[in-house]
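Here is the structure we will look at, set down as structure tokens.
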Amino acid sequence: MASTKARRIGILSAGGDCPGINAAIRGVGKTAILEYGMEVVGISSGFLGLINEEYVTLDENQLSGILTLGGTILGTSRENPFKKGTIFSSIDKPHLIKKHYDEMGLDALVCIGGNGTQRTAALLAEGGLNIIGIPKTIDNDVWGTDVTFGFDSALLIATDAIDRLHTTANSHKRIMVIEVMGHHAGWLALYSGVAGGGDVVLIPEIPFDIDVVAHCLKRRAVNKKPYSIVVVAEGIPVPKGEKAAQYLADAIQEKTGLETRETILGYIQRGGSPSPMDRILATRFGAYAVDLIAKGEFGQMVSVISNEVKSVPLAEVGGKLRNVPMNHPVIEKAREMGVCFGD
Ligand code: F6P
């Protein structure tokens, strides 16, 4: 058993859930208990659990059987303790968190979450808590890591959905518009669009012109392509109050005269068991987070760069977004093969 000064660590999951969080909790917990002899405290519902002092001690048995489980056994919330104007606005939440962290006897806190969580984690680290961040999100948009767990599982689900739309689109000779998640980033739409053989792929990073989209689809019809698949990221700019898929389907049908239907994939993308790749990534992240704690290296977010797990300072991550670069090789190759990006 390796030696360490940290005896008792807390762990929480915050922000939107995704497949792989339980695998990360298990990675943290088992490494902490078995490798370092630490105690592990599971905090409920993200930062809310720290504010309300809702937590349980996790032993090794409670960490068994959760590797393949979707969601998070700890629960989650979008509570941002540094945001003003919520129901607790009269309470100094960061102060409460510090107080409860001390009262719970924590030597370190692992925060599993996306961009918002890493920003909060960075601020708590700045305030003097021993924090380690673990990035997760189906959006794959956390700065400082090549990939987040959750993304691969969501990609499988979105690609499977697109595969299914091909057969019904072909039967009815329709245009199918499918909207996938991703927040302000286009990773999920780009990857599922290309993996699913999308004819048009629209992502927030590439401004689109609806007339260009309509022209691409009409040209396919003229070239005797019986149907078309349009994959669209939820974050593309559309008129206020409209959903991306709905707006596009209406506009496409109006401009092309071709029968068009839309599908919004929604929360299905976040549910269910993590893919094997996500299980492995989450496990590696969880174990590495505890190694950092054992070395006393705090204020870091674990990350993977060129398949090597390492860490980046939380202060560098907080507040940044990792978007798809315009010259991403997947975009370039897809363009060469006739995929329309609407520009
Ligand atoms: O960040 C993950 C995500 O699923 C985004 O893709 C989506 O925009 C958002 O969360 C939905 O958030 P909520 O769970 O708050 O509805």
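Just so you know, all these numbers are worked out from the coordinates, no wet-lab data involved. Everything numeric here is computed off the predicted structure, so don't read it as measured data. Using ideal geometry, Cβ is built from the backbone for each residue, glycine included, and neighbour counts are taken over all protein chains shown.
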Exercise for the section: Determine which aspartates and glutamates satisfy two conditions relative to Lys225: a Cα distance under 17 Å, and not lying fewer than 8 residues away in the same chain. Expected result: Asp163, Asp199, Glu259
Problem - Helical segments meeting 20 Å axial Cα length and Kyte-Doolittle -1.0 threshold in the chain (DSSP H) - result: 151-172, 276-295
Handout entry: segment 200-343 - charge dipole about Cα centre, Lys and Arg +1 at Cβ, Asp and Glu -1, debye rounded to 20
Key = 340 debye
Exercise for the section: Any chance you could run the full-extension gain for Met326 through Glu126? It's 0.36 nm times the residue separation minus the Cα-Cα distance, nm to one decimal. Expected result: 68.6 nm
Completion exercise
For segment 152-270, the dipole about the Cα centre with charges only on Cβ (Lys and Arg +1, Asp and Glu -1), to the nearest 20 debye, works out at 440 debye
Handout entry: segment 230-332 shape via C-alpha gyration tensor axes, a/c threshold 1.5
Key = prolate
Completion exercise
For Val177, other-chain or 5+-apart residues with amide H closer than 5 Å (H placed, Pro excluded) are Val230, Arg261, Glu262, Thr263
Problem - Kirkwood Rh (inverse of mean 1/r, distinct Cα pairs), segment 152-270, angstrom - result: 13.9 Å
Fill in the blank from the handout: Descending packing, highest mean Cβ count within 10 Å first, for 201-212, 235-246 is 201-212, 235-246
Practice task
Considering the options Ile252, Phe208, Ile268, tell which one lies farthest towards the positive end of the dipole of segment 152-270, charges being +1 on Lys and Arg and -1 on Asp and Glu at the Cβ, about the Cα centre.
Solution key: Ile252
Practice task
Straight distance only, please: which lysines reach the Cα of Lys310 with their own Cα at less than 25 Å, same-chain residues fewer than 8 apart left out?
Solution key: Lys5, Lys30, Lys136, Lys295, Lys320
Exercise for the section: Might you list the cysteines of the chain that have no disulfide-compatible partner by the rule of another cysteine's Cβ under 4.7 Å? Expected result: Cys18, Cys111
Handout entry: Mean Cβ neighbour count within 10 Å, used as a protection proxy, ranking 303-311, 114-122, 277-285 highest first
Key = 114-122, 277-285, 303-311
Practice task
Against the globular-protein guess of 2.2 N^0.38 Å, express the Cα radius of gyration of the chain as a ratio, rounded to two decimals.
Solution key: 1.09
Practice task
Among Pro81, Val110, Trp143, flag the residue with its Cα farthest along the positive direction of the charge dipole of segment 44-172, charges on Cβ as +1 for Lys/Arg and -1 for Asp/Glu.
Solution key: Pro81
Handout entry: Relative contact order %, segment 1-122, counting alpha carbon pairs below 8 Å whose residues are six or more apart
Key = 38 percent
Problem - For the chain: relative contact order, % (alpha-carbon pairs under 8 angstrom, 6 or more apart) - result: 24 percent
Exercise for the section: Using Cα pairs closer than 8 Å and at least 6 residues apart in sequence, work out the relative contact order for segment 113-246, in percent. Expected result: 23 percent
